[in-house]
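The values are calculated or read from the model by the stated rules, or taken from the named source; none is laboratory data. What you see is a predicted model, and the numbers here were worked out from it, not measured in a lab. Note that each Cβ is placed from the backbone with ideal geometry, even for glycine, and that neighbours are counted across all protein chains shown. Areas reflect the complete protein model, heavy atoms only, side chains present, ligands, DNA and RNA absent. Shrake-Rupley method; radii C 1.70, N 1.55, O 1.52, S 1.80 Å.
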Amino acid sequence: MLKKSKVYITVLLFVLCMLCGCAKRTEVKNDDSFIYSVNGERNGLVKINYDFRGKTTEEQVNNVIKELQKPAEEINYSTTIPKQIKIQQCEIRHMIVYIDLNNAYLKLPVVEQKLILASMTQSIVKIPKISAIYVTVDGEELKDDKGNPAGIINEDDFVQNNGSSLSSYEETELALYFANESGDKLVKQNVQVKYSTNTSKEKLIVEKLMHGPQDESVHPTISSTCTLLSVTVKDNICYVNFDSEFLASAHDIKPEITIYSIVNSLIEGTAVNKVQIMVNGEKNVLYMNTIDLSQPLQQDLDLIQHAEE
């Protein structure tokens, strides 16, 4: 009888092992629903199978956070949010999840902080109606490596990293549109830039437009006092969100030149086909009482000044 029991136990263990082998969470197929977790070596991210649950957006966000706090079930990934990191507040406003962490987050190594932030961001924005997160620590705005406010964070701020370096650099040429001397036409400038692959090309383009042209023969189109809150891409539409200072004119240029310097630069330089410009997360904006920003905009080639003009 004892011998039979041992055989049954052996068979049962074998079956369980087979089942576990077939159900590895890190074996994510093309059509599988997933989130991002920190990998086993804690030097990158890895996809894990996850079914989004919850009747409301709030429930779905809370469930994702709880999943990222759970102990890992395999050696190929690890717990994203360790026990010492507490979520002190979590609320949703205008498609953005506002998360307040305790000070234990800042005591982690910088790489660990980036991994946690990347995992939370890229997992939470997979929820419909969520485009970004905004993180504070004990109520204070999170700062980046240079001490600047991190601001609104979305998936384009990170490389979908699977064990490689968190940050590498590439060189590329951008086609940026600035204003001509009279401020009534767009002039194309080809600019060589070196940038971190942790920054999306869409965000890079908007930031370079905000920095202004290198050539003195053309003029900036965006006010130097405005702040870029976020740049996200969904369904081939690029959502660019500025603060209210964007409504101040950069120079003596026509309103459509400011708007289409952004739209034309993004559509020519990336895979997006429309651009939605927002102010403080709001779409119902009439820029300079002239340009309706309530709908995504397409490229306008008629505003471009050609060499013969």
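Can you figure out the FRET efficiency of residue 90 with residue 146, using R₀ = 35 Å and their beta-carbon distance, to the nearest 0.05?
0.85
What lysines does residue 208 reach when the alpha-carbon gap must be under 17 Å and sequence neighbours fewer than 8 apart in one chain are set aside?
Within the straight-line limit of under 17 Å, residue 208 reaches these lysines: 188, 194.
Can you list residues from other chains, or at least 5 along the same chain, whose modelled amide H is less than 5 Å from the amide H of residue 274?
Amide H neighbours of residue 274, under 5 Å, 5+ apart: 238.
What translational D, rounded to a whole number of µm²/s, comes out for the chain from Stokes-Einstein when the hydrodynamic radius is the Kirkwood one over Cα pairs, at 37 °C and 0.692 mPa s?
Reported coefficient: 151 µm²/s.
Which parts of segment 197-236 would a label at residue 288 reach, counting a residue when its backbone N lies under 14 Å from a point 7 Å out along Cα-to-Cβ?
219-224
Rounding to the nearest 10 and keeping the result within 0 to 90°, find how far the Cα-based axis of helix 57-69 lies from the longest principal axis of the chain.
It is inclined by approximately 60 degrees.
Heavy atoms of the protein only, probe of 1.4 Å, neighbouring chains included. What is the accessible area of residue 210 in Å², nearest 10?
Per-residue accessible area (residue 210): approximately 40 Å².
Past the 30 Å Cα-Cα mark, which pairs from 66/143; 55/201; 47/143; 70/107; 24/203; 185/274?
Where the Cα-Cα span goes over 30 Å, the pairs concerned are 55/201; 24/203.
Find the Cα radius of gyration of segment 74-114, compare it with 2.2 N^0.38 Å by division, and give the number to two decimals.
Normalised Rg, Cα atoms only: 1.39.
Just the number, please: carbon plus sulfur as a percent of the accessible area of the chain, 1.4 Å probe, no ligands or DNA/RNA counted.
About 50 percent, which is the carbon plus sulfur part of the accessible surface.
Any idea of the accessible area per residue across segment 30-122, 1.4 Å probe, to the nearest Å²?
Solvent-accessible surface per residue comes out at 52 Å².
What FRET efficiency do you get for residue 173 and residue 217 if R0 is 25 Å and r is their Cβ-Cβ distance, rounded to the nearest 0.05?
That gives a FRET efficiency of 0.85.
At a 10 angstrom cut-off on C-beta neighbours, averaged per residue, how do the peptides 56-67, 111-122, 256-267 rank from highest to lowest?
256-267, 111-122, 56-67
How much length would be gained if the chain were fully extended between residue 182 and residue 83, taking 0.36 nm per residue of separation minus their Cα-Cα distance, in nm to one decimal?
Net length gain for the segment: 29.7 nm.
So how do 239-247, 218-226 stack up, highest first, on mean other-Cβ count within 10 Å?
239-247, 218-226
I need the peptides 187-194, 276-283 ranked by packing, meaning the mean over residues of other C-beta atoms within 10 angstrom, with the highest value on top.
The packing order, highest mean first, is 276-283, 187-194.
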